[in-house]
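Beneath this line is the structure, given in structure tokens, with notes to follow.
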Amino acid sequence: MRQSEDQATKADLLLATHGMSKQYPGVLALDNVDFDLMTGEVHVLFGENGAGKSTLISILAGANHPSAGQILLRGKPVTFSSVHEARAHGISAVFQEFSLIPQMTVEENLFLGAEPRRGGFVDKAAIRREARKILDELGFNLQPHQRIDHLTRAEQQMVEIAKAFRSDLSVLILDEPTASLTNHETDHLFELIGELTARGVGIIYITHRMAEIRRIGDRITVLRDGRYIDTVDAQTASEDDLVGLMTGRVVGGIFPDLDLPDPGETVLDVDNVSVADGSVTDATLHVKRGEIIGMAGLVGSGKSELMQACFGTLPISSGAVRFKNADVTGHKPRRNIRAGFLYLPADRRSEGLMMMRSIRENVALASLDIAPFSNGVFLNAGGERQAVTALAERLNLSPPRIERAVDHFSGGNQQKAMLARALTRHYDLIVFDEPTVGVDVGTRASIYRFIVELARAGTAIVLISSDLPEILHLTTRAYVFYRGRIQAEVAGEQLTEQNVLSHFFEREAA
Ligand SMILES: Nc1ncnc2c1ncn2[C@@H]1O[C@H](COP(=O)(O)OP(=O)(O)OP(=O)(O)O)[C@@H](O)[C@H]1O
Ligand SMILES: [Mg+2]
């Protein structure tokens, strides 16, 4: 038994699992895992992509059934046949993949399946009142009547969190909750977590970000290949310790050397572009062969929208986009891909991947017209399989089964599948939109290496990132966005944390 459990008095112990196992066809996702949560603590779950974190919490939250093992809530064995049942016991989870209904409003989603009623009818006034109350309590700037599909991903995340607050909470589970939140929203979430733990709520928190662990974590439990490895103190465990526990080996520096050759000719030329939905105004920039160009700024600052507009997934209202000296303004994505311009979206579920199709099909998607995927006329199944298998190895896909549906892979491994798509043909320009969100530290290092290799081989790279270290360590030049405008261009020596950050928040007066 672990030390922490010896020390814990019965009153402190809120939730525990004993011998928790989950067998999927061909994969033992959890193997006899013991885990415990005290009242008022933030217990971080840490581990590589596919280690079993989401599986464990989905069982605790009633969304998934274990193959073996027990859940104890305040010492009593419990079983949950649904999320509703777990919630009735005070256990609520915000999952990696959202469960909101896009065509419905915030308030409808908040009370879905648990609508307050009056005389047999849904009490709309009560729903509005209650929804407003929850949103206000949480300090979320959302309106109860807004439709989910009109919200940004960060706002949808807030709705998911608000949902957890519908009933009395004793355990709150958060699976990579800050992946799409701005710094400000993250601060807010952490304040909220502080208030909850002060009230005795236990929090299970999944993250790949070290800084977050330090900021809010009490204990960290590390999983590897579905097995329990160790539980350590979040304040004293070093980053090296954690990475060692997580991978079972020593991992060197995350960022590769950036000695890129001098840039070549201009590949992308954006001239005074405004996006029709108003998200970007008068943006002008250029990207050369062999450069890695950063797009920095808060979530919603327009950095992602501008590149989507260049690629053809958002309409442009004025200005021009030139790619390899040809006007491509308004061209469709398919045409841009053929010409050598690829954009890899951040939201893999809604924009990037066909979830029910295999890894092989998803990876091959953009290259069905070329070798080794086809000879231009007929598809080449063998060539395709070989090429995708090699890519899966290179990105350390886990498990390395390319015929499995994407839906059956862990979040980080889905991200890898999308990146693999970029490797199936030669591109002159690749735009990576938040490529490492939800990716474990080891894989992150290989993604960075891969980006630098592409640039060395002459590809022009655009890296859209809300993660400042990524911009600072991986790009040679960066554009900083604020409220839909490019506030600054910083390069070389000027590319420092302070310089970039000062433009993140700059007001119109600047
Ligand atoms: N529905 C499913 N069917 C089959 N296998 C699954 C399913 N869901 C998850 N798995 C497998 O179970 C293992 C654990 O996945 P899980 O999602 O728990 O990982 P994780 O630790 O949350 O990873 P990440 O950091 O990438 O989110 C993986 O090997 C995954 O492929
Ligand atoms: Mg997960």
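The values are calculated or read from the model by the stated rules, or taken from the named source; none is laboratory data. This structure is a prediction, so every number in the text was calculated from the model and none was measured. For neighbour counting, all protein chains shown are included, and Cβ atoms are generated from backbone atoms with ideal geometry for every residue, glycine included. Ligands, DNA and RNA are excluded from the accessible area calculation, which covers all protein heavy atoms including side chains. Shrake-Rupley method; radii C 1.70, N 1.55, O 1.52, S 1.80 Å.
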Among the listed residues D440, D433, D428, which satisfies the condition of being within 16 Å of ligand 2 (Cβ to nearest atom) and acidic (D, E)?
D440
How many residues does region 31-55 contain that are more than 19 Å from G248 (Cβ to Cβ) and within 12 Å of ligand 1 (Cβ to nearest atom)?
2
Looking at (1) at pLDDT 90 or above; (2) within 24 Å of G52 (Cα to Cα); (3) hydroxyl-bearing (S, T, Y), can you tell me which one T105 breaks?
(2)
Close pairs (6 angstrom Cβ cut-off, 6 or more residues apart or separate chains): within 8 Å of ligand 1 (Cβ to nearest atom) in region 408-422, open to solvent by less than 10 Å² (accessible area, probe 1.4 Å) and not in a loop (DSSP other than H, G, I, E, B) anywhere
Q414/V406
In region 359-397, the residues that are open to solvent by less than 60 Å² (accessible area, probe 1.4 Å) and part of a loop (DSSP other than H, G, I, E, B):
D369, I370, P372, F373, G376, L395, L397
Scope region 210-223; condition open to solvent by 60 Å² or more (accessible area, probe 1.4 Å) and either touching a strand residue (DSSP E or B) at 6+ places or on another chain (Cβ under 7 Å) or within 14 Å of ligand 2 (Cβ to nearest atom) (or both); matching residues
D218
Does T459 meet the test of being in contact (Cβ under 8 Å) with a residue 60 or more places away in the chain, crowded, with 22+ Cβ neighbours inside 10 Å, more than 24 Å from the chain's Cα centre (by Cα) and within 24 Å of L260 (Cβ to Cβ)?
yes
Is it the case, given these coordinates, that V270 is closer than 18 Å to Y482 by Cα and open to solvent by less than 40 Å² (accessible area, probe 1.4 Å)?
yes
Could you tell me how many of the residues in region 41-56 are of a type in the set (A, V, I, L, M) and either open to solvent by 10 Å² or more (accessible area, probe 1.4 Å) or part of a strand (DSSP E or B) (or both)?
3
If you scan region 156-178, which residues turn out to be among the β-branched types (V, I, T) and within 16 Å of ligand 1 (Cβ to nearest atom)?
I173, T178
If we keep just the residues of region 59-69 that are within 16 Å of ligand 2 (Cβ to nearest atom) and crowded, with 21+ Cβ neighbours inside 10 Å, which is farthest from V222 (Cα to Cα)?
A61
Can you confirm whether A63 is under 22 Å from the mean Cα position of the chain (by Cα), more than 17 Å from D168 (Cβ to Cβ) and among the small types (G, A, S)?
yes
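Per-residue answers, yes or no, for (1) within 16 Å of ligand 2 (Cβ to nearest atom); (2) under 27 Å from E176 (Cα atoms):
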| site | (1), (2) |
| --- | --- |
| L379 | no, no |
| A390 | no, no |
| V406 | yes, yes |
| F409 | yes, yes |
| N413 | yes, yes |
| R421 | no, yes |
| T424 | no, no |
